[in-house]
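Step one of this worksheet: look at the structure below.
The values are calculated or read from the model by the stated rules, or taken from the named source; none is laboratory data. Given the structure is predicted, the values throughout are model-derived calculations rather than measurements. Cβ sites come from the backbone with ideal geometry, for glycine too, and all protein chains shown count toward neighbours.
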Amino acid sequence: MTVLMKIARGAVRRVKRVMGRVPSEQESLELRRREKAERKRLAFETTWQHDGPVSRRPYTSYDEYVAHQSSKLEIAQDNLVQHEQERFTSFVDRFRQCEELASRHNVVCLGARLGTEVRALIELGHFAVGIDLNPGPGNAFVMVGDFHDLVFADQSVDAIYCNCLDHTFDLDKICGEMGRVLRPGGIALLDIYKGYEEGHYAGAFEAMHWPTSRFFAEIIAGKIDAAISSQRNLADFGQDIFDQFVLVKRGAISS
Ligand SMILES: C[S@@+](CC[C@H](N)C(=O)[O-])C[C@H]1O[C@@H](n2cnc3c(N)ncnc32)[C@H](O)[C@@H]1O
């Protein structure tokens, strides 16, 4: 398109906008954002199971859940690779600012996908490893595994990091495993999506959703026998949709 044609089209758009027929690009963006949010709300309200305060995607079986969750990487991969460096930097900054993490040396990352958060923790001097149903081929940072069934010894883990508890199939099972492997005084560092009472609705891959992030953090704390020691929103890292919670495991070291 020539420069003159572009100018002419812009002028036509401006005239139409003034006459109230064509929304501006910003207005169109906002409109699309609202339409998408409305579609998510409708899908959540009409197709999910709401048999308790924590709602669940109605998988017909565990195998269907695993197949669905494992399929996400292919869809997300190009975007992830494109933004890998900025995601890595953001993780480094977030972890560095988490005071409770500094003194916990070994960290297991649940649902770590390509391992960006694992590499960030290693950069900060931690011993870190990830677990994911589908970490992609040849991933040196993330083991193939299911976070409902961890291979680590009882009370052997200083910290667990997870930003995808909304992908859980069985809450009792994952919490049983988190509570089992965390040592007393160890932490669960959890980035939790805001809930439906906070205006956020689950997307295409979430398997669980809740009224508020705090409500869900309290459920997890109860199930793993931990106390919530801090909460902060991640808006400073461009992730205002997430609240970050630090849960400190109670209990004595077993002999
Ligand atoms: C939203 S992504 C988060 C990825 C990563 N933490 C990040 O920030 O890039 C959710 C990830 O959880 C993984 N996942 C879902 N269910 C899982 C399970 N039961 N066990 C292990 N990983 C699982 C998916 O394969 C996916 O990579």
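Quick notes on this structure:
- Residues within segment 204-255 that are surrounded by 17 or more Cβ atoms within 10 Å (Cβ to Cβ) and in contact with a Pro (Cβ under 6 Å, 6 or more places away or on another chain), tallied: 1
- Considering ARG57, ARG113, the condition of being of a type outside the set (Asp, Glu), more than 15 Å from the chain's Cα centre (by Cα) and surrounded by 15 or more Cβ atoms within 10 Å (Cβ to Cβ) is satisfied by ARG57 alone.
- Test: residue in segment 52-61 that is among the hydroxyl-bearing types (Ser, Thr, Tyr), within 16 Å of the ligand (Cβ to nearest atom) and assigned to a helix (DSSP H, G or I): no
- For the residues ALA226, ALA235, the requirement of being of a type in the set (Gly, Ala, Ser) and touching a residue at least 24 places away in the same chain (Cβ under 8 Å) singles out ALA226.
- Residue in segment 35-53 that is closer than 20 Å to ASN139 by Cα and surrounded by fewer than 16 Cβ atoms within 10 Å (Cβ to Cβ) present: no
- Residue that is nearest to PHE95 (Cα to Cα), among those in segment 221-241 that are in a helix (DSSP H, G or I) and under 15 Å from the mean Cα position of the chain (by Cα): PHE237
- Exclusive hit being in contact with a Lys or Arg (Cβ under 9 Å, 6 or more places away or on another chain) and modelled with pLDDT under 90, set LYS72, LYS16: LYS72
- Any hit, segment 158-171, residues being within 11 Å of the ligand (Cβ to nearest atom), at pLDDT 95 or above and farther than 29 Å from ASP78 by Cβ: yes
- Some residue of segment 99-110 being among the small types (Gly, Ala, Ser) and over 17 Å from VAL157 (Cα atoms): no
- Against the numbered list (1) part of a loop (DSSP other than H, G, I, E, B); (2) surrounded by fewer than 15 Cβ atoms within 10 Å (Cβ to Cβ), TYR201 comes up short only at (2).
- Among the residues here, GLY186 does not qualify as under 14 Å from the mean Cα position of the chain (by Cα), more than 23 Å from ARG57 (Cβ to Cβ) and crowded, with 16+ Cβ neighbours inside 10 Å.
- Of all the listed residues (ILE131, ILE174), the sole one being crowded, with 22+ Cβ neighbours inside 10 Å and either touching a residue at least 24 places away in the same chain (Cβ under 8 Å) or more than 16 Å from the ligand (Cβ to nearest atom) (or both) is ILE174.
- Segment 140-165 residues that are within 26 Å of LYS194 (Cβ to Cβ), paired with ones that are among the polar types (S, T, N, Q) and more than 10 Å from the ligand (Cβ to nearest atom) (beta carbon under 8 Å, 6 or more apart): ALA159/ASN106
- All conditions but one from (1) within 20 Å of SER230 (Cα to Cα); (2) surrounded by 19 or more Cβ atoms within 10 Å (Cβ to Cβ) apply to HIS105; the one that does not is (2).
- Scanning segment 103-118 for residues that are more than 6 Å from the ligand (Cβ to nearest atom) and within 17 Å of VAL181 (Cα to Cα) yields ARG104, HIS105, ASN106, VAL107, VAL108, CYS109, LEU110.
- Only listed residue being out of contact with any helix residue (DSSP H, G or I) (no Cβ under 9 Å at 6 or more places or on another chain) and surrounded by fewer than 21 Cβ atoms within 10 Å (Cβ to Cβ), chosen from GLU123, GLU64, GLU84: GLU64
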